[in-house]
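Below is one structure, written out as structure tokens; comments come after it.
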Amino acid sequence: MGRVDGKVALITGAASGLGLESARLLAKEGAKIVLTDINEKDGETAASEIGGDSFFIKHDVTSEEQWISVIDQTMERFGTLDVLVNSAGMGVIGDIEHTSFDDWKKVHAVNLDSVFLGCKYGIKAMKKENGGSIINLSSVSGLIGGYNMAAYNSSKGGVRLLSKSVALYCARKGYNIRCNSVHPSFILTPMVEQMIDAAPDPVKAKSTLERQLPIGRLGQPTEVAHMILYLASDESPFVTGSEMVIDGGITAQ
Ligand SMILES: NC(=O)c1ccc[n+]([C@@H]2O[C@H](COP(=O)([O-])OP(=O)(O)OC[C@H]3O[C@@H](n4cnc5c(N)ncnc54)[C@H](O)[C@@H]3O)[C@@H](O)[C@H]2O)c1
């Protein structure tokens, strides 16, 4: 028996990084996966690697129409939705004086509007059957500020409190739907690799990041995927409205 045997999980941002690693792990533990992403090529490759009943849908998470369609396609194919992982997101560096209003709006659309839409339409599907688990990727940047992360901090802080509001609403309605946020620090995914590679001295940039982490190294995607697996499974029925920190000790200081 897998830890999420027979469950249906919809994972956004599943073509890369934490979404992809979660899709692999949940599939290995028995779930049927609907992978979604704007990156069609890598999304299709990921779905065929995972195999089984899993399939890919091209999906821009900022579009309400596409969310409605993705949830409808999931229900048509599998008849239920048990787990929603909102992993699609983008990183952006910029302080308050040098972030354009366009960048601000884009980051909030991709990182926060997406989670609002996912929760709104995810709940609609989950409440028809046996309830479910919604897992929203925030960040340590949703817990602590950085001088050059104005838009990212704001979007990820929004994901943290939106998740609590959703958790409390579902509890009050008796829907049996849990909602939690996950807060990683620096995890070695393409998002962080690109940030390191873009630095004038990538080796120095990587070691600067490592030095910020009390544990002395960057995290691995599988270390976050295992938290997502726990939240997706029936091992966490009393866990809702929580913020799960996976940060190598950075916020313990
Ligand atoms: N990697 C880290 O260190 C880290 C730390 C904290 C939080 N996070 C958060 O975890 C989540 C996953 O990050 P990752 O490191 O796996 O990044 P990643 O760049 O490897 O993957 C993000 C995925 O989101 C997709 N995406 C971007 N915009 C989209 C859109 N509009 N619609 C649909 N898909 C879209 C991309 O195509 C990509 O496949 C993000 O929300 C990120 O902010 C990551």
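FYI, it's all coordinate maths here, none of it is from the lab. What you are looking at is a predicted structure, and each value in this text was computed from that prediction instead of being measured. Glycine also receives a Cβ, built like all others from the backbone with ideal geometry; neighbour counts cover every protein chain displayed.
A few remarks follow.
- Equivalent ellipsoid dimensions for the chain as semi-axes, Å, which come from the Cα gyration tensor, largest first: 28, 19, 18
- For segment 20-64, a crude dipole built from +1 on the beta carbon of Lys and Arg and -1 on the beta carbon of Asp and Glu, taken about the Cα centre, is about 160 debye to the nearest 20.
- Taking the convex hull of Cα positions in segment 135-200, its mean projected area over all directions (nm²): 5.2 nm²
- When +1 charges are put on Lys and Arg Cβ atoms and -1 charges on Asp and Glu Cβ atoms, the dipole computed for segment 195-253 relative to its Cα centre reaches about 320 debye.
- Of the GluC sites (Glu not before Pro) found in segment 181-253, the ones in coil according to DSSP and having at most 16 other Cβ atoms within 10 Å of their Cβ are 235.
- Exposed chymotrypsin sites (Phe, Trp or Tyr not before Pro) absent - longest run of the chain, DSSP non-H/G/I/E/B, at most 13 other C-beta within 10 Å: 1-146
- Fully extended contour minus Cα-Cα distance, from residue 147 to residue 238, at 0.36 nm per residue: 29.2 nm
- Charge sum, other residues only, whose C-beta stays under 13 Å from residue 157's C-beta, Lys/Arg counted +1 and Asp/Glu -1: +2
- Restricting attention to segment 81-163, lysine pairs at least eight places apart or on different chains and with alpha-carbon atoms under 25 angstrom apart total 7.
- Convex hull of Cα atoms in segment 1-77, direction-averaged projection (nm²): 4.6 nm²
- All Cα pairs of segment 173-245, percent lying beyond 16 Å: 59 percent
- Segment 77-147 and segment 176-253 have their alpha-carbon centroids 16 Å apart.
- As a calculated quantity, the FRET efficiency between residue 73 and residue 176 at R0 = 25 Å, using C-beta atoms, amounts to about 0.60.
- Size of segment 102-180: Rg and Dmax of its alpha carbons, in Å, are 13.6, 44.
- This model, with +1 at the C-beta of Lys and Arg and -1 at the C-beta of Asp and Glu, gives the chain a dipole about its Cα centre of some 760 debye.
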